[in-house]
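Everything on this sheet refers to the single structure shown next.
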């Protein structure tokens, strides 16, 4: 009888202990599994960081990576001793450090690439500005350019000495300054090549229009040419006292005026040709119409003659519209006269 | 190197003596400029390195550090010669040689420009030499160097409307000591292009270039580069437009096309006059960078910048010009790994230019704004910034001139330990004889 309680107690104890034991074994196994998993992930991160650092050629982050590897070794020791929870904490710490090592190296490297690209970009801009700066640009602009060049040289020296932040900032400043300088040069001195080209071309155009005027006979066009010639002479003699933009605007205006004079002469040419052909036709049929005896035809002939004379006067004075209207009227009258005279 | 310096020193002395005689005669084209200057570049920032991770309790973690990159007083003189530009029969010549010295370093600089115009052709040759040496103590790596630049430019006027251009150029850089960042190299290139002037006086330009770089100590840093540019300058609907479309492709001598890239950029600047003194200006810059190999280091990106400014000009030839307006900058990385760097910067810009007639000029620009990182990252903190630049030059009396340059770049981060301040002060007092 006394044995029964004892057996019950033992059985109860065993009944409690065994599940606990089993449970704790299961927990331990789960923790172990988790440890293995975390440990494996950290190993991958460490390997990736090692590859990044070794392939970058830059040492930045390598000390931190070594620390990460040491902590990972400690984590392994913990695991081997069955202390999985501490092992998990350590391996996570190692993983953080390995990530930071890779990031430090990446930031350093991309900064190096970034700085190098910025320096090269500014160098190209310096070359471009120098190539497009006119010789007589003036001391101020030259001084600005020289300052920019000197600061770019300093930026390059900082880069060579691995002082990347001042190298980047300085080179960017030079780039911004050069862009402002280009704007300023274009606004004050302008693009000298372009301006010289514009002046030369306008000069040649004036000569062309002068040649055209010899056979044009359009007074209005001639007035325009004289006006443009005078204005152009004033600009050439007064260039230094007029801003670049003002010169350019005036040249454009003169160019447009010359274009309209050319159009007038061309219109004049066409009308003159029409008039000459009509006159030739008139001369050819006038005698025949008079001999026809048809009074209506003769009256129409006279009207055509009047219109022709008017057209000639209007064409000479440059009134192309009135000239064209009278040519048309003369054409109609002459055609009718020819029909009535049986021609 | 020292032998070369001695020879240059001797040549310079003879040059100066000769120039002194010619200046006395006052009919030559010599120009002498001498002066003193001061350069200071300093940065304040919190320590950011692996030290903070190695020892989290380190007192260095929260210390504000100040680093002076440059703090030099210097003296300099330059001697130049220009030929008589009025006489078109002469070859145009400009030479200049200069000596600069600080407490530890001296620098010899020489430039030469030779040009000749013959009917429709124009030839120009440019040369530049720079020699830097430390005469006190031991030189740091990269401190002592020789740089030689040269280019030959040929232009031909095909017609009133078309100019053709070509250029060959070279650059050679040699250091006394080489290291990972410091390497000797040579670049050689050729450029071809043309300018076309339209009937209504605008201009279109095209340039293309091919260049190679040779680095004797490392094959991997050699590259071949090709670039092209198409530009426009002229009026459009009453506004003045300057636009530039560029393309660049660079191929390094590395495995798997590492570091190879191509870049496309578009820059445009439009100025619309509003009445006699006012104007509106719009600026756009767009850039796309693509690396052949996407890796953790090299990310493709898009960068865009847009600004709109209102301004006013004053005085004869718009001597004084001011402008103000907002600008926005966006960076978008196209990365397989991380987009921590994507940001938007919004800023207000104020600028002032004064180009006076009595030797005074001043250029001021101030930017105030904020950078916002679009993808929250523990490695990046947003910040306000203040960036200012002041450049000025003033003729004092006679040939005496004062030049100053002041610049600072301040960042105020959400994470205080990321704050940084960069200062640059440079000044010079020179006399031109």
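With surrounded by 15 or more Cβ atoms within 10 Å (Cβ to Cβ) and more than 9 Å from chain A (Cβ to nearest Cβ) as the only criterion, which of B:168, B:204, B:190 stands out?
Only one candidate passes the filter, namely B:204.
Return yes or no: is residue B:111 free of Cβ contacts under 8 Å to residues at least 12 places away in the same chain and either in a strand (DSSP E or B) or out of contact with any helix residue (DSSP H, G or I) (no Cβ under 8 Å at 6 or more places or on another chain) (or both)?
The answer is no for residue B:111.
Filter segment A:259-275 down to the residues that are closer than 18 Å to residue A:332 by Cβ and either surrounded by fewer than 17 Cβ atoms within 10 Å (Cβ to Cβ) or under 52 Å from the mean Cα position of the chain (by Cα) (or both) and list them by number. Show your work before the answer.
In the first step, residues of segment A:259-275 are kept if they are closer than 18 Å to residue A:332 by Cβ; the result is A:271, A:274-275.
Those that are closer than 18 Å to residue A:332 by Cβ and either surrounded by fewer than 17 Cβ atoms within 10 Å (Cβ to Cβ) or under 52 Å from the mean Cα position of the chain (by Cα) (or both): A:271, A:274.
Say we look at segment A:236-245 and pick out the residues that are part of a helix (DSSP H, G or I) and closer than 18 Å to residue A:200 by Cα; which of these is modelled with the lowest pLDDT?
Ranking the candidates gives A:240 first.
Might you let me know whether segment B:159-169 holds any residue that is farther than 30 Å from residue B:235 by Cα and either without any contact (Cβ under 8 Å) to a residue 40 or more places away in the chain or in contact with a helix residue (DSSP H, G or I) (Cβ under 9 Å, 6 or more places away or on another chain) (or both)?
yes
Could you please let me know if residue B:160 is over 22 Å from the mean Cα position of the chain (by Cα), within 13 Å of another protein chain (Cβ to nearest Cβ) and closer than 30 Å to residue A:248 by Cα?
Answer is yes for this residue.
Taking segment A:143-163, which residues are touching a helix residue (DSSP H, G or I) at 6+ places or on another chain (Cβ under 7 Å) and buried (at least 20 other Cβ atoms within 10 Å of the Cβ)?
Hits for segment A:143-163 are A:144, A:148, A:151, A:152, A:154, A:155, A:156, A:158, A:159.
Out of all the residues in segment B:379-402, is one or more within 30 Å of residue A:248 (Cα to Cα), surrounded by 17 or more Cβ atoms within 10 Å (Cβ to Cβ) and modelled with pLDDT of 90 or more?
Within segment B:379-402, not a single residue is within 30 Å of residue A:248 (Cα to Cα), surrounded by 17 or more Cβ atoms within 10 Å (Cβ to Cβ) and modelled with pLDDT of 90 or more.
If a residue must be crowded, with 16+ Cβ neighbours inside 10 Å and assigned to a loop (DSSP other than H, G, I, E, B), how many such residues does segment B:259-288 contain?
Summing the residues that are crowded, with 16+ Cβ neighbours inside 10 Å and assigned to a loop (DSSP other than H, G, I, E, B) in segment B:259-288 gives 2.
Yes/no per residue for (1) buried (at least 17 other Cβ atoms within 10 Å of the Cβ); (2) in contact (Cβ under 8 Å) with a residue 40 or more places away in the chain; (3) assigned to a helix (DSSP H, G or I):
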{"position": "A:225", "(1), (2), (3)": "yes, no, yes"}
{"position": "A:234", "(1), (2), (3)": "no, no, yes"}
{"position": "A:256", "(1), (2), (3)": "no, no, yes"}
{"position": "A:300", "(1), (2), (3)": "yes, yes, yes"}
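Taking only pairs six or more apart or across chains, which ones have beta-carbon atoms under 6 Å, a first residue in segment A:107-130 that is at the interface with chain B (Cβ under 10 Å from one of its Cβ atoms) and modelled with pLDDT under 75, and a second residue that is buried (at least 17 other Cβ atoms within 10 Å of the Cβ) and part of a helix (DSSP H, G or I)?
Here the result reads A:109/A:56, each pair linking segment A:107-130 to a residue that is buried (at least 17 other Cβ atoms within 10 Å of the Cβ) and part of a helix (DSSP H, G or I).
Select from segment B:351-374 the residues that are assigned to a loop (DSSP other than H, G, I, E, B), exposed (fewer than 14 other Cβ atoms within 10 Å of the Cβ) and at pLDDT 80 or above and list them in ascending order.
none
Check residue A:258 against each of (1) out of contact with any helix residue (DSSP H, G or I) (no Cβ under 6 Å at 6 or more places or on another chain); (2) modelled with pLDDT of 75 or more; (3) more than 30 Å from residue A:306 (Cα to Cα) and name the one condition it does not meet.
Going through (1) out of contact with any helix residue (DSSP H, G or I) (no Cβ under 6 Å at 6 or more places or on another chain); (2) modelled with pLDDT of 75 or more; (3) more than 30 Å from residue A:306 (Cα to Cα) one by one, residue A:258 breaks only (1).
When you scan segment B:108-125, how many residues do you find that are touching a strand residue (DSSP E or B) at 6+ places or on another chain (Cβ under 9 Å) and more than 10 Å from residue B:93 (Cα to Cα)?
First, the residues of segment B:108-125 that are touching a strand residue (DSSP E or B) at 6+ places or on another chain (Cβ under 9 Å): B:108-117, B:119-125.
Then keep just the ones that are more than 10 Å from residue B:93 (Cα to Cα); that gives B:108-111, B:117, B:119-123.
Residues in segment B:108-125 being touching a strand residue (DSSP E or B) at 6+ places or on another chain (Cβ under 9 Å) and more than 10 Å from residue B:93 (Cα to Cα): 10 in total.
Could you list, in sequence order, all residues of segment A:316-341 that are in contact (Cβ under 8 Å) with a residue 60 or more places away in the chain and outside any helix (DSSP H, G or I)?
A:318
Sort through A:291, A:248 and tell me the only one that's part of a helix (DSSP H, G or I) and either surrounded by 18 or more Cβ atoms within 10 Å (Cβ to Cβ) or modelled with pLDDT under 85 (or both). Let's see the steps before the verdict.
On the way: A:291 fails: either surrounded by 18 or more Cβ atoms within 10 Å (Cβ to Cβ) or modelled with pLDDT under 85 (or both).
It is A:248.
Mind listing just one residue for me: the one in segment A:49-67 that is in contact with a helix residue (DSSP H, G or I) (Cβ under 7 Å, 6 or more places away or on another chain) and at pLDDT 80 or above and, of those, farthest from the other protein chains (Cβ to nearest Cβ)?
A:50
Just name the residue that is nearest to the other protein chains (Cβ to nearest Cβ) out of those in segment B:285-318 that are more than 27 Å from residue B:258 (Cβ to Cβ) and modelled with pLDDT under 75.
B:317
Could you count how many residues in segment A:193-202 are modelled with pLDDT of 65 or more and either closer than 25 Å to residue B:355 by Cβ or more than 10 Å from chain B (Cβ to nearest Cβ) (or both)?
The initial filter retains those residues of segment A:193-202 that are modelled with pLDDT of 65 or more, namely A:194-202.
With the extra rule that they be either closer than 25 Å to residue B:355 by Cβ or more than 10 Å from chain B (Cβ to nearest Cβ) (or both), the set shrinks to A:194-199.
So the answer is 6.
Looking at segment B:116-141, which of its residues are more than 20 Å from the chain's Cα centre (by Cα) and under 18 Å from residue B:175 (Cα atoms)? Please lay out each step first, then the result.
Going residue by residue through segment B:116-141, those that are more than 20 Å from the chain's Cα centre (by Cα) are B:116-125, B:133-141.
Passing the criteria: B:133, B:134, B:135, B:136, B:137, B:138, B:139, B:140, B:141.
If a residue has to be modelled with pLDDT under 90 and within 11 Å of chain B (Cβ to nearest Cβ) to count, how many in segment A:68-82 make the cut?
The number of residues fulfilling the criteria is 0.
The values are calculated or read from the model by the stated rules, or taken from the named source; none is laboratory data. As the structure is a computational prediction, the values presented were derived from the model and not from experiment. Don't worry about glycine lacking a Cβ; one is built from the backbone with ideal geometry, like all the others, and counts go over all protein chains shown.
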